[in-house]
Amino acid sequence: MSDLLPTTSIGTHQVRLDGPDKVRGRAPYAYEHPLDDPLYLYPLQAEIARGRAAHIDTSAAEAADGVVHVLTHTNAPDLEDTEDGELAILRSAEIGFRGQYLGAVIATTPEQARYAAGLVDIGYEQEEHDVELREDHPASREPESGSGDVFAGDFDAAFAEAAVSIDERYSTPMEHNNPMEPHTTVARWDGSELTLWTSTQGAHPARSTLAPILGLDPDRIRIISPHVGGGFGSKGVPHADMMLAALAAIAAPGRPVKYAVSRQQMFSITGYRAPTLQHIRLGARADGTLTAFAYDAVSLSSQTKEFPEEATKPGRMMYAGDNRRLTQRVVPLDVPVPSWMRAPGEAPGMVGLEIAMDELAVAAGLDPIELRVRNEPETDPDTGLPFNRRRLVDCLREGAKRFGWEERNPQPRTRRENGWLIGMGVAASTYPAGRQPGSVARIRRMPAGYEVAIGAADLGTGTWTALSQVAADALDVPIGQVELRIGDTALPNATVAGGSTGLVSWSAAVFAATEAFRAEHGTDPAVGAEAQGEAEANPAAEKFALHSFGAHFAEVRIHPATGEIRLGRMFGMFSAGRIVNPSTARSQFIGGMTMGVGMALHEKGELDPRFGHVVNHDLAEYHVPVNADIARIEAEWLDEEDPHAGPLGARGIGEIGIVGAAAAIANAAFNATGVRIRDLPIFGDAFLPT
Amino acid sequence: MAHSLHLTVDGQEHKLAVDPRTTLLDALRDRLGVMSAKKGCDHGQCGACTVLVDGRRLNSCLALALTHDGSEVTTSDGLAPAGELSTLHRTFLAQDAFQCGYCTPGQVCSAAGMLQEAAEDAPSVVTEDLEGPIELSDAEIRERMSGNLCRCGAYVNIVAAVSQAAEESR
Ligand code: FES
Ligand code: FES
């Protein structure tokens with residue numbers, strides 16, 4: 001246990017420091033840095049899901065006005081390392097999924113680039129493709145990069161003997177991150193150095209990914225990304241678009257090449273949440289205590305590169321029960337490459353698990369909160385370690401009080417208002433409290449304060465503000481004396497803003513740097529004095545299972561005649577350690593919950609089995625919540641500090657708001673109508689007689 | 001193939017030559033370097049590109065630049081002099097009505113246009129009394145702001161910010 005940092009700025013409302021520029025639209029995102037004489041890129045994409053681009057005739061495009069270069073696999077710059085199937089683009093004529101890049105047109109105006117791309121003649125040799133996920137798919141296998149299966153005790157025997165049991169199947173759909181700023185890279189190659197103005201959750205990690213593939217020393221790549229227009233995981237690792245822009249710049253040296261991925265292209269290029277099929281069996285004693293726990297999940301993956309959407313992850317640590325079985329499989333098919341989307345694993349996993357718990361509560365005749373209370377594990381069922389401070393029950397009880405849970409009638413279909421059926425539901429939330437080692441901060445004494453430099457990212461998470469607050473308290477100065485610099489590989493190394501690890505990992509670097517600075521320069525440093533410090537791994541991670549918890553409460557109304565479902569209100573109660581900035585934290589919780597509403601009620605990529613593409617590949621047809629869909633959403637948190645989280649006492653909060661949110665809504669829909677929802681999203685037809 | 005036009009953007013006059021295919025949004029961003037208007041979809045589906053054209057809110061990605069020869073375009077950056085903030089800018093900051101900020105200039109312009117529409121008693125689909133003055137309830141604000149997507153999920157705070165601005169300018 002380390003000493004907690006005394007706070008002055010941490011814990012107080014601080015208006016976003018980048019706010020005035022953001023509301024006016026002056027903060028430069030990737031596309032918006034003033035650069036002279038740019039070129040524009042428009043990509044060529046495969047129109048079949050599997051086969052070869054047997055011929056590509058670029059002559060008409062090359063002859064078009066303003067076209068500077070047409071890039072294809074026949075003339076693309078060499079790559080040093082082609083292991084990564086997603087990033088090693090333009091290597092051959094082979095096609096692994098519909099939408100895969102086959103090349104790009106680079107021209108002096110965006111209109112001409114796009115027009116000329118249409119002049120490229122591509123002839124295909126088509127092969128049969130398969131894009132349909134099934135539980136019994138013959139290609140199903142254990143993921144190469146997964147967490148492994150769990151077998152403990154004797155599940156079959158315990159399940160057979162259970163007094164109460166459920167045995168059900170759940171599914172979550174293909175979902176698309178869809179940050180409002182499309183993935184964008186402006187790339188310039190000057191013959192020896194590659195500069196990328198891009199939109200990324202991790203400038204340094206992106207550089208270390210790209211450098212070996214391009215065969216460049218990392219020092220020869222600079223990534224600049226001061227402002228990121230949302231990411232939700234999809235900008236956590238570089239996708240093929242960044243590589244395409246880099247290759248285009250190398251092919252057309254000297255001038256910046258601008259590539260903003262179009263909204264439609266994002267659906268096949270920039271990652272998505274893979275659909276999952278979940279088979280859950282729960283067996284319990286008559287009092288509801290779990291004795292048998294089985295969770296078998298399958299997720300879609302890509303032949304081009306594996307990504308396991310491990311729905312089983314939260315099932316490993318959520319509830320007690322001695323006889324356990326958890327298996328995770330992937331089915332790699334001819335589809336675009338899935339990737340991180342807000343709380344990968346936990347978000348879909350806590351859909352199945354938390355609906356299953358609601359079903360078990362009904363079967364056992366228990367209040368769903370009480371069922372969870374009875375199944376609190378004493379130690380982490382997965383690792384056997386004690387929890388840091390597992391406050392799920394506090395979140396459930398405190399949340400229930402504030403939400404007004406006692407008004408709920410456990411009997412479905414009992415509350416009607418103005419012709420609508422009203423129901424309430426609850427679900428738990430959890431997310432691991434990770435902290436990554438390796439970030440470095442540099443502190444420099446300035447005439448009027450301190451410059452704090454670290455390659456961190458702000459994708460709406462509030463880093464500009466919250467990390468300045470942390471630095472102010474670490475240096476014991478008012479926040480106005482901290483000049484933060486982030487979002488650039490020219491600054492010291494920072495780990496990715498992902499998996500709710502950003503702020504806590506970078507803060508650890510700031511603390512280390514402060515300590516080094518004090519040791520070297522004392523308390524009255526000269527202007528120009530500087531020192532660096534590097535974040536170490538959290539030593540508590542070896543002794544404790546570190547997680548955040550939460551509880552979601554939802555009230556929905558459903559019209560019995562039309563099946564229309566509307567969210568009435570939603571409340572989230574979280575335990576996440578110390579909260580650095582209550583304003584931005586509340587926004588992040590509410591933002592996660594809002595995305596959870598999308599997960600519950602709107603979002604589904606419709607993959608056409610005949611052609612292998614997402615049919616609804618734009619924002620008119622892939623629905624995300626709009627303002628009118630979101631009535632009242634509130635978030636609160638337990639006032640606490642995490643003694644195992646280092647001096648900051650905080651845990652990350654980027655993901656926990658979405659985890660469990662959709663299940664609370666599905667459970668509320670059951671309470672309203674008696675119709676059990678096991679497949680997302682919930683559309684009105686679920687409530688209509690068939 | 002280029003044709004010339006005049007645009008006044010945030011009070012500054014421009015004469016420029018554009019391809020007939022150039023949208024107003026691309027004219028702003030790629031030709032004039034005015035980056036306050038954002039591109040989120042280029043298809044009129046997200047509202048990130050919302051600007052005020054002659055005082056009315058408009059998705060600039062859906063308008064061809066040449067059809068706006070002589071127009072006065074205002075982006076969020078033009079709603080207050082440099083270094084100052086408009087009422088909406090202030091209330092968006094006070095209510096933390098954004099996270100990544102990418103949808104925000106569009107939200108601000110949309111809110112400005114919407115407040116004007118409400119002041120002119122233009123009803124919306126949730127307005128009950130079609131004849132009377134518009135009471136800007138939260139439901140009215142939500143409905144009228146639904147053309148502007150926010151993937152960060154700042155809607156609750158956007159409603160609070162617009163409501164506060166409406167209150168202050170009453
Ligand atoms: S960019 Fe114009 S509406 Fe989306
Ligand atoms: S603030 Fe990020 S999309 Fe609205």
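Within region A:353-370, the set of residues being open to solvent by less than 10 Å² (accessible area, probe 1.4 Å) and not aliphatic (A, V, I, L, M) comprises A:E354, A:D358, A:P368. Considering the conditions (1) within 16 Å of ligand 1 (Cβ to nearest atom); (2) out of contact with any Asp or Glu (no Cβ under 8 Å at 6 or more places or on another chain); (3) open to solvent by less than 20 Å² (accessible area, probe 1.4 Å), B:A80 is excluded by exactly one of them, (1). Counting only residues that are within 30 Å of the chain's Cα centre (by Cα), open to solvent by 30 Å² or more (accessible area, probe 1.4 Å) and farther than 30 Å from A:M599 by Cα, region A:154-190 holds 1 of them.
The one condition from (1) out of contact with any Asp or Glu (no Cβ under 8 Å at 6 or more places or on another chain); (2) in the same structural domain as A:V186 (by TED's automatic domain parsing); (3) farther than 30 Å from B:L25 by Cβ that A:Q45 does not meet is (3). Of the residues making up region A:35-48, one or more are under 26 Å from A:R91 (Cβ atoms), open to solvent by 30 Å² or more (accessible area, probe 1.4 Å) and within 14 Å of another protein chain (Cβ to nearest Cβ). Residues in region A:559-579 that are surrounded by 24 or more Cβ atoms within 10 Å (Cβ to Cβ) and more than 14 Å from chain B (Cβ to nearest Cβ): A:I565, A:M573, A:F574, A:S575, A:A576, A:G577. Here the condition is being within 14 Å of chain A (Cβ to nearest Cβ), open to solvent by 30 Å² or more (accessible area, probe 1.4 Å), among the aliphatic types (A, V, I, L, M) and closer than 28 Å to B:Q12 by Cα; of B:L115, B:L52, B:L64, B:L88, it holds for B:L64 alone. Go through (1) surrounded by fewer than 20 Cβ atoms within 10 Å (Cβ to Cβ); (2) closer than 30 Å to A:L484 by Cα one by one and return the number of the condition A:D65 breaks. Every listed condition holds for A:D65 apart from (2). Looking only at region B:1-41, residues that are open to solvent by 60 Å² or more (accessible area, probe 1.4 Å) and under 20 Å from the mean Cα position of the chain (by Cα) come to 4 in all. Screening A:D639 against (1) open to solvent by 20 Å² or more (accessible area, probe 1.4 Å); (2) farther than 24 Å from A:H547 by Cβ; (3) at pLDDT 95 or above leaves a single unmet condition, (2).
Here's the yes/no breakdown for (1) within 9 Å of chain A (Cβ to nearest Cβ); (2) farther than 13 Å from A:G25 by Cα:
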{"site": "B:L5", "(1), (2)": "no, yes"}
{"site": "B:L24", "(1), (2)": "no, yes"}
{"site": "B:D42", "(1), (2)": "yes, yes"}
{"site": "B:R57", "(1), (2)": "no, yes"}
{"site": "B:H68", "(1), (2)": "no, yes"}
{"site": "B:S71", "(1), (2)": "no, yes"}
{"site": "B:F92", "(1), (2)": "yes, no"}
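Considered as a group, the residues in region A:317-330 that are open to solvent by 30 Å² or more (accessible area, probe 1.4 Å) and outside any loop (DSSP other than H, G, I, E, B) include one that is nearest to A:E376 (Cα to Cα), and that residue is A:N323.
Of everything listed in (1) in contact (Cβ under 8 Å) with a residue 40 or more places away in the chain; (2) within 16 Å of ligand 1 (Cβ to nearest atom), the single unmet condition for B:I158 is (2).
Whether a residue is out of contact with any Gly (no Cβ under 7 Å at 6 or more places or on another chain), within 9 Å of chain A (Cβ to nearest Cβ) and assigned to a loop (DSSP other than H, G, I, E, B) was assessed, and B:V126 passes this test.
Annotation: A:A631 fulfils all but one of (1) buried (at least 24 other Cβ atoms within 10 Å of the Cβ); (2) within 14 Å of another protein chain (Cβ to nearest Cβ); the unmet one is (1). Residue under question is B:E143, and the condition is that it be over 20 Å from A:G596 (Cβ atoms), open to solvent by 30 Å² or more (accessible area, probe 1.4 Å) and away from chain A (no Cβ under 14 Å); does it hold? So B:E143 does not fit the description; no.
On the given criteria, is A:D642 more than 14 Å from every other protein chain (Cβ to nearest Cβ) and charged (D, E, K, R)? When the stated conditions are applied, A:D642 passes them.
With respect to the stated conditions, A:A585 fails to be buried (at least 20 other Cβ atoms within 10 Å of the Cβ), away from every other protein chain (no Cβ under 14 Å) and touching a strand residue (DSSP E or B) at 6+ places or on another chain (Cβ under 8 Å). When A:A93, A:A54 are screened for being of a type in the set (A, V, I, L, M), surrounded by 15 or more Cβ atoms within 10 Å (Cβ to Cβ) and touching a residue at least 24 places away in the same chain (Cβ under 8 Å), only A:A93 passes. The condition of being open to solvent by 10 Å² or more (accessible area, probe 1.4 Å), touching a His at 6+ places or on another chain (Cβ under 8 Å) and away from ligand 1 (no atom under 16 Å from the Cβ) holds for B:G70. More than 14 Å from chain B (Cβ to nearest Cβ), surrounded by fewer than 24 Cβ atoms within 10 Å (Cβ to Cβ), over 19 Å from A:I369 (Cα atoms) and in contact with a helix residue (DSSP H, G or I) (Cβ under 6 Å, 6 or more places away or on another chain): is that true of A:Q436 in this structure? The answer is yes for A:Q436.
The values are calculated or read from the model by the stated rules, or taken from the named source; none is laboratory data. Treat the numbers as computed from the prediction; the structure is a model and nothing was measured. Reconstructed Cβ throughout: ideal geometry from the backbone, glycine too, with neighbour counts over all protein chains shown. Accessible surface is based on the protein model in full, side chains and every heavy atom, while ligands, DNA and RNA are left aside. Shrake-Rupley method; radii C 1.70, N 1.55, O 1.52, S 1.80 Å.
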